[in-house]
1. Do we find a residue being aliphatic (A, V, I, L, M) and in a loop (DSSP other than H, G, I, E, B) anywhere in the range 34-41?
2. Being in a helix (DSSP H, G or I), on the phi < 0 side of the Ramachandran plot and free of Cβ contacts under 8 Å to residues at least 40 places away in the same chain is the filter here; which residues of the range 1-24 pass it?
3. From Arg114, Arg76, which residue is within 20 Å of Ile148 (Cα to Cα), basic (Lys, Arg) and buried (at least 20 other Cβ atoms within 10 Å of the Cβ)?
4. Does Asp51 satisfy the criteria of being among the charged types (D, E, K, R), in contact with a helix residue (DSSP H, G or I) (Cβ under 7 Å, 6 or more places away or on another chain) and crowded, with 16+ Cβ neighbours inside 10 Å?
5. What tally of residues in the range 104-134 results from selecting those that are in contact with a helix residue (DSSP H, G or I) (Cβ under 6 Å, 6 or more places away or on another chain), farther than 17 Å from Val6 by Cβ and of a type in the set (A, V, I, L, M, F, W, C)?
6. Among the residues of the range 74-88, is there at least one that is in contact (Cβ under 8 Å) with a residue 60 or more places away in the chain and under 18 Å from the mean Cα position of the chain (by Cα)?
7. Consider Ala71 carefully, then state whether it is within 25 Å of the chain's Cα centre (by Cα), part of a helix (DSSP H, G or I) and crowded, with 17+ Cβ neighbours inside 10 Å.
8. Does Leu108 meet the test of being out of contact with any Phe, Trp or Tyr (no Cβ under 8 Å at 6 or more places or on another chain) and either in a loop (DSSP other than H, G, I, E, B) or acidic (Asp, Glu) (or both)?
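The values are calculated or read from the model by the stated rules, or taken from the named source; none is laboratory data. Model, not experiment: these values are computed from the prediction. Here Cβ is always computed from backbone atoms with ideal geometry, including for glycine, and neighbour counts include all displayed protein chains.
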Amino acid sequence: MLSVEVLTLFPRLIAVPLAESILGKAQEKGLLRARVTDIRDFAEGRHHVTDDSPYGGGAGMVMKPEPLVAAIEAARARAPGARVILLSPQGARFDQRKAAELARRTELIFVCGRYEGVDERILGFIDEELSLGDFVLTGGELAALSVIDAVARLVPGVLGNDQSAIHETFADDASPLLEGPHYTRPPEFRGLKVPAALLSGDHARIARWRRQQALVRTRARRPDLFGKLDLTPLDQVLLQEDLDAVPVLSDR
């Protein structure tokens, strides 16, 4: 079972998504335990102030160290072996490899920053910082949910079919291919037909088609990933073939 605790100033931003879909079902099955803690509960004074203006001046507010550190320490007391992660645009970029690493743990604590950031002294009470990418959100809540979702679905039993996580985009670090296109019924929709290979019943042909499509799609959409591939002789052949090639539709 994976146990996660999220420290936030806006508990409803976390609690509602955690109760829905795959994450909600994982909790019902006892595969995921989630706790949401309001950082304001650890702030002193009648108004429970959790932020203040920065020393030296500047725009925005900074999260105060006292309530946030108190919340972290309380969470650590409940889960002494947990890894404490601050969601921050200055953190290391989160990826599938990191998701797999975190999925091997049993306890995680996520700290959601807000405003202009957290007091620098807070960093001595966390284990690492993670970022979703080179952009800025209004807070760490959406980032925390994204990390939790990516990690939880790797816990055995969370997905209805554990093979789903194995065959997804980015699942194999040694071969970072995008997934190829997917189809379902009907076999023809408004003149658009499902590729013949997928209807053939020939498992070898289907596997060959899927590999080819993944290679072509990765080359077209993510040349940065394609450049990292160690292409096999078969891959070279597949890239030259036209196995029911699917036209790439322009974004609309």
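1. Filtering the range 34-41 for residues aliphatic (A, V, I, L, M) gives 34, 36, 39.
Those still in the list that are in a loop (DSSP other than H, G, I, E, B) too: none.
Within the range 34-41 (the criterion being aliphatic (A, V, I, L, M) and in a loop (DSSP other than H, G, I, E, B)), the answer is no, since none of the residues qualifies.
2. First, the residues of the range 1-24 that are in a helix (DSSP H, G or I): 11-18, 21-24.
With on the phi < 0 side of the Ramachandran plot added as a condition, the list becomes 11-18, 22-24.
Within the range 1-24, Pro11, Arg12, Ala15, Val16, Gly24 qualify.
3. Sole residue among the options that is within 20 Å of Ile148 (Cα to Cα), basic (Lys, Arg) and buried (at least 20 other Cβ atoms within 10 Å of the Cβ): Arg114.
4. Working: among the charged types (D, E, K, R): yes; in contact with a helix residue (DSSP H, G or I) (Cβ under 7 Å, 6 or more places away or on another chain): no; crowded, with 16+ Cβ neighbours inside 10 Å: yes.
No, not satisfied.
5. So the count comes out to 0.
6. Our first condition is that a residue be in contact (Cβ under 8 Å) with a residue 60 or more places away in the chain; within the range 74-88, this holds for 75, 78-79, 82, 85, 87.
Then keep just the ones that are under 18 Å from the mean Cα position of the chain (by Cα); that gives 85, 87.
Looking through the range 74-88, at least one residue is in contact (Cβ under 8 Å) with a residue 60 or more places away in the chain and under 18 Å from the mean Cα position of the chain (by Cα).
7. Working: within 25 Å of the chain's Cα centre (by Cα): yes; part of a helix (DSSP H, G or I): yes; crowded, with 17+ Cβ neighbours inside 10 Å: yes.
Yes.
8. Details: out of contact with any Phe, Trp or Tyr (no Cβ under 8 Å at 6 or more places or on another chain): yes; either in a loop (DSSP other than H, G, I, E, B) or acidic (Asp, Glu) (or both): no.
No; evaluated as a whole, the condition is false for this residue.
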